[in-house]
Amino acid sequence: MSASNPHPGLHAGGPADPEHDPRASYALEPAYVDNLTRRVVSTTGQTEPVRSPLAGQPLAHIPQSSADDVATAYERARVAQVAWARTSLDDRAGCLLRLHDLVLDRQDEILDLIVLESGKARKHAFDEPLHVALTARYYARTAHEYLDTHRRLGVIPLLTRVEVNRVPKGVVGIISPWNYPFTMALCDGLPALMAGNAVVAKPDAQTMLSALLGAQLLEEAGFPADVWQVVAGPGRELGGPMIEHSDYVCFTGSTATGRLIAQQCAERLIGCSLELGGKNPLLVLRDADLEKAAEGAVRASFSNAGQLCVSMERMFVADQVYDRFVDRFVARTEAMTLGASLEWGVDMGSLISAAQLETVQKHVDDAVAKGARVLAGGRARPDLGPYFFEPTILEGVTPDMTCFGDETFGPVIALYRFHDEADAIARANDGQYGLNASIYTRDGARGRAVARQIKCGTVNINEAFGATFGSVDSPMGGMRESGLGRRQGSEGIHRYTESQAVATQRLVRFAPMFGMSDQAYATVMTANLRLLKKLGRA
């Protein structure tokens, strides 16, 4: 890389003659890309091209893995895991803390790569190194709390000593999505490593480079190279082999795919955690601060062009404030800056692909054809880039429209009035999903009371999604068809361990002693149980 290049990995001028060097038009330096793609376990000799959604620039040719390559990756990971599990918690935590610093120090490089691969605005890309740093620091600092051997109550006080150990599962398979390609590739794997596991990762094919940069940073932070393996290829070809060789599977993606993964894991009697789809609701109560609610609604609806598992697609606004809120929300939306840029100052970037653009366009066209009104946006913007679509606000969406209940996963939000709060809660709970919700109110206690009635795994009050997602000490995941299991907090690391109870018995055994009959033994034990209850013992 040229020292004069302010964006590491990007061409600083590039080769002068693309006619004689086809790599000259690449957005990234070939040597930089080669250093990343060499980490893919691949012997097929096959590659797949990847282009940036910003303007279609070539980025890389990604080596493709076969089922045999997946098996090789797991073999390497298993060998490495044995030694890694013997490494002290403090040494593992030290690697995570070094990763924390590396991610913050190298954030410009990370942001450039995320923006190029995903097309998102730089300010939304920043959420990714931020979240990885938070996650790394958290699990480093809480390692002893979650993984040390802990004493538990024995059946006979003083005479039964019980300890619970946390034993690593072994090798964890992580299948991560394209929408947050850096943090979703890393954040679920960091607690797995901290718990003494190895990882085999299969990032989405559209955003492999961000995930591979994450793997490089792990090695630079001191993790042994073989504890984090990366394979590449279509999920339909590699998903089965991944599950076949894993001791646990972590998946983020669609509900349809998650259901198939759960079935395959059940066949092998291995655990899995699944963060799946959502049709997330935002409620603006009649006492909400409307300026704050409108600002939050923009972020809730249009961060990463709506390609965020916890973003909002349904908004329920109290009738008493509906018109005033809508005026503010529309004005803020229409003031947004769209653009294909690596620089700061863009409010919303591109969709990821032609397929995603087609889905968004179909949902909007279907709604409009059936009577919905467009309050803002509603159009593709090919003048900005191949997959841009305006942030769109719809009113009058009805159950016969596709976007009423189906996840759009794009910059489209539907507005609904409500008069009765109970009705708003019921409508927010309508459907099969339950991932994230948001409530705006000046009364925090009231907001928390409403939150307890919302069937979602996370609920943010006076914030779009960042309060729960960034609070890594609390669990994050979905109810109903939005998933199984939780990332973050104690659940986020304990899912990668087996609990092992070890009991040491002293002086007495659980059978008659000293010539006692079975009946006398039962009488003595019964008396002991009654006494322990009187003493208040659990």
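The values are calculated or read from the model by the stated rules, or taken from the named source; none is laboratory data. Quick caveat, the model's predicted, so the values are computed rather than measured. Cβ coordinates were reconstructed from backbone atoms using ideal geometry, including for glycine residues, and neighbour counts include every protein chain displayed. Areas reflect the complete protein model, heavy atoms only, side chains present, ligands, DNA and RNA absent. Shrake-Rupley method; radii C 1.70, N 1.55, O 1.52, S 1.80 Å.
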Options 357, 351, 375; residue that is modelled with pLDDT of 95 or more and part of a strand (DSSP E or B)
375
Residue 238 is checked against (1) within 29 Å of residue 45 (Cβ to Cβ); (2) open to solvent by 10 Å² or more (accessible area, probe 1.4 Å) and fails just one. What number does that condition carry?
(2)
In the stretch 433-457, what count of residues is obtained for those that are in a loop (DSSP other than H, G, I, E, B) and in contact (Cβ under 8 Å) with a residue 60 or more places away in the chain?
8
Listed by range, helices (runs of 4 or more DSSP H) wholly within the stretch 80-139 having at least 2 residues that are open to solvent by less than 20 Å² (accessible area, probe 1.4 Å) and under 12 Å from residue 193 (Cα atoms) are 89-105
Cβ-Cβ under 6 Å, sequence separation 6+ or interchain: first residue in the stretch 503-531 and in contact (Cβ under 8 Å) with a residue 12 or more places away in the chain, partner charged (D, E, K, R). Which pairs?
504/161
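Listed here are the residues, each with its yes/no results for (1) aliphatic (A, V, I, L, M); (2) over 21 Å from the mean Cα position of the chain (by Cα).
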position	(1), (2)
164	yes, yes
186	yes, no
201	yes, no
206	no, no
216	no, no
221	yes, yes
Filter the stretch 474-522 for residues that are charged (D, E, K, R), within 28 Å of residue 163 (Cβ to Cβ) and surrounded by 12 or more Cβ atoms within 10 Å (Cβ to Cβ); which is nearest to the chain's Cα centre (by Cα)?
487
Kindly indicate the residue of the stretch 203-223 that is open to solvent by 10 Å² or more (accessible area, probe 1.4 Å) and without any contact (Cβ under 8 Å) to a residue 60 or more places away in the chain and also nearest to residue 76 (Cα to Cα) among those meeting that condition.
219
Among the residues of the stretch 434-453, how many are touching a helix residue (DSSP H, G or I) at 6+ places or on another chain (Cβ under 6 Å) and open to solvent by less than 40 Å² (accessible area, probe 1.4 Å)?
6
Here the residues within the stretch 349-408 that are out of contact with any Gly (no Cβ under 8 Å at 6 or more places or on another chain), among the hydroxyl-bearing types (Ser, Thr, Tyr) and open to solvent by less than 30 Å² (accessible area, probe 1.4 Å) are 353
Any residue that is under 22 Å from residue 481 (Cβ atoms) and in contact with a His (Cβ under 7 Å, 6 or more places away or on another chain) - is there at least one of those in the stretch 387-401?
no
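Among the candidates 272, 250, 265, which residue alone is buried (at least 18 other Cβ atoms within 10 Å of the Cβ) and free of Cβ contacts under 8 Å to residues at least 40 places away in the same chain?
265
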Tell me, yes or no, whether the stretch 229-239 has at least one residue that is in contact with a strand residue (DSSP E or B) (Cβ under 6 Å, 6 or more places away or on another chain), modelled with pLDDT of 95 or more, in a helix (DSSP H, G or I) and more than 23 Å from residue 99 (Cβ to Cβ).
yes
Since residue 150 meets every condition but one in (1) touching a helix residue (DSSP H, G or I) at 6+ places or on another chain (Cβ under 8 Å); (2) open to solvent by 20 Å² or more (accessible area, probe 1.4 Å), which condition does it not meet?
(1)
If we scan the stretch 348-366, do we find a residue that is in contact with a Lys or Arg (Cβ under 7 Å, 6 or more places away or on another chain) and closer than 13 Å to residue 390 by Cα?
yes
Taking the stated definitions as given, is residue 474 of a type in the set (S, T, N, Q) and either without any contact (Cβ under 8 Å) to a residue 24 or more places away in the chain or in a loop (DSSP other than H, G, I, E, B) (or both)?
yes
Six or more apart or on different chains, Cβ under 7 Å: which pairs go from a residue in the stretch 412-431 that's on the phi > 0 side of the Ramachandran plot to one that's of a type outside the set (Asp, Glu)? Could you list them?
431/279; 431/405
Taking the criterion of being over 22 Å from residue 251 (Cβ atoms), in contact with a helix residue (DSSP H, G or I) (Cβ under 9 Å, 6 or more places away or on another chain) and of a type in the set (Phe, Trp, Tyr), would at least one residue in the stretch 163-182 satisfy it?
no
Which one of the conditions (1) touching a residue at least 40 places away in the same chain (Cβ under 8 Å); (2) more than 20 Å from residue 278 (Cα to Cα) does residue 378 fail to meet, given that it meets all the rest?
(1)
Filter result (touching a residue at least 60 places away in the same chain (Cβ under 8 Å), closer than 22 Å to residue 424 by Cβ and open to solvent by 10 Å² or more (accessible area, probe 1.4 Å)) within the stretch 276-297
279, 287, 289, 292
